[in-house]
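Below: the structure, in structure tokens.
Taken together, the values in this text are just the output of simple stated rules run on the coordinates, not laboratory data. Note that the coordinates shown come from a computational prediction; the quantities given were computed from them, not determined experimentally. All Cβ positions, even for glycine, are placed from backbone atoms using ideal geometry, and neighbour counts span all protein chains on display.
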Amino acid sequence: MKVLLAAWVLWVCASPVLRAQPPASKPEVWMMPPSSADGRALKDLFSHPDDWKETRTKIDVVGYADHLLSKQFTDEQLRMWLPLLAQWHLKLGLEVGAVKPWGVTGRKVFDAQRPMWDRFRLLGGSIYALAMDEPLCCVQSDLKKPAEYAVQETAQFVALVREHYPDIRLGDIEPYPSISLAALTAWLDALQAKLQEMHVRGLDFFRVDVDWCHFTIGGPNHPGNWPEVKQLEEVCRRRNIAFSLIYWAADYPALDRLKLADDSTWYVSIMRQGNDYAFVGGAPDQYVIESWIGAPSRSAPDTEEWTFTRSVRDFCARFLKR
């Protein structure tokens with residue numbers, strides 16, 4: 001504990017050159033459409049840009065998983081579509097691995113993914129940010145290794161990204177409440193301290209994937225609550241890390257099993273999450289509206305009820321006054 005505390009003090013006092021970029025004064029909005037059906041949602045958005053013109057004025061980043069963007073889109077499609085993002089004044093964000101069962105070290109994962117990133121850049125896609133997909137969770141749940149291993153290998157991955165892509169923003173995604181507030185705070189501090197020790201710039205943002213169904217179920221086996229998420233936001237702010245929150249229909253899978261879910265469920269649920277987090281004073285630096293559950297079934301137009309872009313448009317109007 002004393003060693004960790006000393007490393008933490010060093011990090012706080014470090015030169016700004018080694019520290020992450022400060023959170024933006026204006027919140028950022030990421031839109032990450034469903035990737036199911038061979039990327040139909042994103043393909044529809046690129047093919048029919050007039051169907052979501054208003055939504056584009058309200059968001060900052062279009063996000064997607066790097067391996068799915070590579071698998072689902074041909075060179076011809078990417079060469080035609082990726083440059084449109086810049087024309088629309090939007091940025092490209094990618095969700096990437098850092099430590100995975102198929103790549104148990106940061107270097108192996110970096111080496112495997114780097115050709116995809118270079119391909120996107122060559123085809124006209126300027127990568128704005130990379131979000132690491134739950135390295136701590138993966139190490140503990142899948143690899144059955146301790147948090148110290150996650151710190152070591154994630155730091156190695158971060159160092160490689162910083163070396164080869166110094167202008168790309170980099171952050172981490174972790175789940176809550178399956179990983180507790182205390183454990184997430186300890187993880188952040190340990191990773192930042194390790195990066196400081198390596199003379200590598202720390203995280204630019206920390207993104208939380210909240211399974212808020214646990215809050216509804218309650219009981220000792222279902223911990224977690226929105227005030228704790230707000231505490232995590234404050235933890236990030238004190239460490240000069242942008243706080244990023246995923247908004248999604250956490251209740252959709254269970255309602256679908258009960259045959260109670262449809263496209264309206266997605267819309268109602270992200271609005272519910274928006275209300276609940278605003279109610280406790282929550283205000284992320286990044287609002288990430290992301291679906292990986294195959295819903296809603298239509299991505300556009302944003303003028304019709306229950307489409308994905310309509311949900312993004314209305315969410316931004318309500319919670320960001322855009």
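Within the shell defined by Cβ-Cβ distances under 12 Å, the residues around residue 180 carry a net charge of -2, with Lys and Arg each +1 and Asp and Glu each -1.
Three principal axis extents describe the C-alpha atoms of the chain; from largest down they are 57, 50, 37 Å.
Near residue 134, within a Cβ-to-Cβ distance under 12 Å, what is the net charge of the other residues, with Lys and Arg +1 and Asp and Glu -1? Net of charged neighbours comes to -4.
If you take the Cα centroid of the range 164-226 and the Cα centroid of the range 68-102, the two points sit 24 Å apart. Under a model in which nothing but the beta-carbon of Lys, Arg (+1) and Asp, Glu (-1) is charged, the chain shows a dipole of about 620 debye around its Cα centre.
When +1 charges are put on Lys and Arg Cβ atoms and -1 charges on Asp and Glu Cβ atoms, the dipole computed for the range 64-135 relative to its Cα centre reaches about 140 debye.
Note on the chain: with a GNM built from Cα contacts shorter than 10 Å, the maximum mean-square fluctuation among 165, 287, 247 falls on 165. Can you bin the range 202-322 into rounded, prolate or oblate? Criterion: square roots of the alpha carbon gyration tensor eigenvalues sorted a ≥ b ≥ c, rounded for a/c under 1.5, prolate for a/b above b/c, oblate for the rest. Cα axes put the range 202-322 in the oblate bin. Summing +1 for each Lys or Arg and -1 for each Asp or Glu among the other residues whose beta-carbon sits under 14 angstrom from that of residue 40 gives 0.
Summary of packing: across the peptides 89-96, 122-129, 239-246, 140-147, the per-residue average of other C-beta atoms within 10 Å ranks them, highest first, as 239-246, 89-96, 122-129, 140-147. Label-to-label distance for residue 183 and residue 38 is 3.9 nm, based on points extended 7 Å past Cα in the beta-carbon direction. When the alpha carbon coordinates of the range 241-292 are projected onto the principal axes, the ranges are 39, 22, 14 Å, largest first.
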